[in-house]
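Accompanying notes for the structure given below.
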Amino acid sequence: MPSSNAKYIGLDVHKETIAIAVLNAAGKLVMESIVETKASTLLDFLHGLRGELHVTLEEGTWAAWLYEVLKPHVAELVVCNPRRNALLKEGSKSDKIDARKLAELLRSGMLRAVYHGENGLRALRELVRSYEAVSKDVRRVMNRLKALYRGWGIPCKGIQVYGRRHRQQWLEKLRESGVRRRAELFYQQLDALQDLRHTVRGELLVESRKYPAVKILRRIPFIGPLRAAELVALMQTPQRFRSKRQLWTYSGLAVVTHDSAQYRYVHGQLQRAKKPQQVRGLNRNHNHAMKEILKSAAESASRRAGPFQDFYQGLLAKGIKPELARLTLARKIAAIILTLWKKGESFDAKHVKPQAA
C-alpha cells in the first residue's frame, strides 16, 4: 500500500515541454509546473519532491526514453495506454489539465499499463523494428507499381511484374514516356529496398543467435529463425503473460462477446437467461505484428503434413468452418509457444492435443 506521504505525478509530454501535476495521497493538487523536455531538468524537479513518488505518462514517442530515465528514481512508473484514458476526452483540454487527470487516474488505480522492460533485448528489438519498417516500404512500392500498370489498363497478376528478368517487357507496355519514367523510378526504389531488407535480415538473424529463447522456439514446426527472432523481440519475456488467454488478447486472437440482461426472475427464482452470447469478432486493440506471425504460421501449418495439420483436419471433421479452424490453430500455436518458452522444453507432438487448445 502507498504511504501517506505518497505523491502521484502525471506527466503530459511534448516535444519541447512537459506539463507536470503532483497530487498528494488525499488527491489534493500540491504542485503544477512546466519544464523543458530534458532528462536533467525533469530529474531535478523530481529530486525536489519528498515522499514516495508514483509517476505516470502516456505511451508515445518519448515513452521508452523517459522510462529508462525515470525508473531508477521513483517508487512506481506506469506508462499507460492512451486509448483507454477516456477521462482525458471529457471537458476542457490543456497540457496542465491532462497532466492533472493522469495523476488522478494513477492515484485511483484506473490506468492500464503498457509493458516496458527487458533492456537486454534492445539490439534485437531495434533490428526487428527496422526489418518490419523496410518490409512495409517494399510492399508499399510493390502496390504502387501494380496500381500504375492497372491505371493504364494493363493487367498484372502475380509477381512477374516485380522481377528484373521481365522488367523491360513490362516497361515497353507503357506508351507514355512520363509514365514509363515513373515506373523506372519505382523499380529503382524497389531494388534498393529489397537489398536493404536482405542486409537487415542477415543482421537480425545473426543477433538472434545470442538468445536461448530463439533456439527453443525454432524447434516448433513452422516457427523458423525469422519468426522466432520476431517473437522474442515482441514478447520479450513469457512471464509478462500469466496465461495463454492474455497472449491471445495481446496477439488479437481473443474472441469478444457482448451480453446483456443475463438474468431474470421466474416464479420468484433467479434464473440465467438461455439466450446465447453475441460474438462481436476478435479484439481490435492488439499487436499487429504478433497477429501476422501467428496467422501466417497457422496458414502454413494447415497446408503441410504434420501434427498441426492433423489438428486442423480434426477441427474440420467436427464441422468447424475453415476460417475458425485456422483461428483455433493459431491460438494453439500461441499457447505452445508460451508453454515451451516458460518451461524451456523442446516441442513434442503430444503438445498438440484438443484439450490444450
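If you go through the stretch 158-185 and pick out every residue that is of a type in the set (A, V, I, L, M) and either crowded, with 17+ Cβ neighbours inside 10 Å or in contact with a Ser or Thr (Cβ under 7 Å, 6 or more places away or on another chain) (or both), you end up with 3. Taking the numbered list (1) modelled with pLDDT of 95 or more; (2) not in a helix (DSSP H, G or I) in turn, Val138 passes all entries but (2).
Within the stretch 53-76, the set of residues being under 16 Å from Ile18 (Cα atoms) and in contact with a strand residue (DSSP E or B) (Cβ under 8 Å, 6 or more places away or on another chain) comprises Val55, Thr56, Leu57, Glu58, Glu59, Gly60, Trp62, Ala63, Leu66, Tyr67, Leu70. Within the bounds of the stretch 50-60, is there any residue that is without any contact (Cβ under 8 Å) to a residue 40 or more places away in the chain and open to solvent by 30 Å² or more (accessible area, probe 1.4 Å)? Checked against the condition, which is being without any contact (Cβ under 8 Å) to a residue 40 or more places away in the chain and open to solvent by 30 Å² or more (accessible area, probe 1.4 Å), the stretch 50-60 yields no hits at all.
Quick check on Lys101: is it over 30 Å from Leu204 (Cα atoms), outside any helix (DSSP H, G or I), of a type in the set (D, E, K, R) and over 18 Å from the mean Cα position of the chain (by Cα)? It is false that Lys101 is over 30 Å from Leu204 (Cα atoms), outside any helix (DSSP H, G or I), of a type in the set (D, E, K, R) and over 18 Å from the mean Cα position of the chain (by Cα).
Conditions tested, residue by residue: (1) within 32 Å of the chain's Cα centre (by Cα); (2) farther than 22 Å from Val114 by Cβ; (3) at pLDDT below 95; (4) not hydroxyl-bearing (Ser, Thr, Tyr).
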{"position": "Pro2", "(1), (2), (3), (4)": "yes, no, yes, yes"}
{"position": "Ala25", "(1), (2), (3), (4)": "no, yes, yes, yes"}
{"position": "Glu32", "(1), (2), (3), (4)": "no, yes, no, yes"}
{"position": "Thr41", "(1), (2), (3), (4)": "yes, yes, no, no"}
{"position": "His54", "(1), (2), (3), (4)": "yes, no, no, yes"}
{"position": "Thr61", "(1), (2), (3), (4)": "yes, no, yes, no"}
{"position": "Val74", "(1), (2), (3), (4)": "yes, no, no, yes"}
{"position": "Val78", "(1), (2), (3), (4)": "yes, no, no, yes"}
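Looking across the stretch 81-109, the residues that are modelled with pLDDT of 90 or more and open to solvent by 50 Å² or more (accessible area, probe 1.4 Å) come down to Asp95, Lys96, Arg100, Glu104, Arg107, Ser108, Gly109. For the stretch 259-297, taking the residues that are open to solvent by 100 Å² or more (accessible area, probe 1.4 Å) and assigned to a loop (DSSP other than H, G, I, E, B), the one that is nearest to Ala228 (Cα to Cα) is identified as Arg284. For the stretch 298-313, the set of residues classified as buried (at least 21 other Cβ atoms within 10 Å of the Cβ) and among the acidic types (Asp, Glu) is empty.
Residue-wise test of (1) open to solvent by 70 Å² or more (accessible area, probe 1.4 Å); (2) closer than 30 Å to Phe308 by Cα.
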{"site": "Val138", "(1), (2)": "no, no"}
{"site": "Leu148", "(1), (2)": "no, no"}
{"site": "Cys156", "(1), (2)": "no, no"}
{"site": "Tyr187", "(1), (2)": "no, no"}
{"site": "Ala192", "(1), (2)": "no, no"}
{"site": "Leu196", "(1), (2)": "yes, no"}
{"site": "Ile216", "(1), (2)": "no, yes"}
{"site": "Arg219", "(1), (2)": "yes, yes"}
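Of the residues Leu127, Leu185, Leu193, Leu204, the single one that is in a helix (DSSP H, G or I), at pLDDT 95 or above and in contact with a Phe, Trp or Tyr (Cβ under 9 Å, 6 or more places away or on another chain) is Leu204.
Can you tell me which residue is farthest from Ile20 (Cα to Cα) among those in the stretch 110-124 that are open to solvent by 60 Å² or more (accessible area, probe 1.4 Å) and part of a helix (DSSP H, G or I)?
That would be Gly120.
Residues in the stretch 249-301 that are in contact with a strand residue (DSSP E or B) (Cβ under 8 Å, 6 or more places away or on another chain), of a type in the set (Ser, Thr, Tyr) and in contact (Cβ under 8 Å) with a residue 12 or more places away in the chain: Thr257 alone.
The values are calculated or read from the model by the stated rules, or taken from the named source; none is laboratory data. Everything numeric in this text was worked out from a predicted model, so none of it was measured. Neighbour counts run over all protein chains shown; Cβ positions are idealised from the backbone, glycine included. Keep in mind that these areas ignore ligands, DNA and RNA; they rest on the heavy atoms of the full protein, side chains included. Shrake-Rupley method; radii C 1.70, N 1.55, O 1.52, S 1.80 Å.
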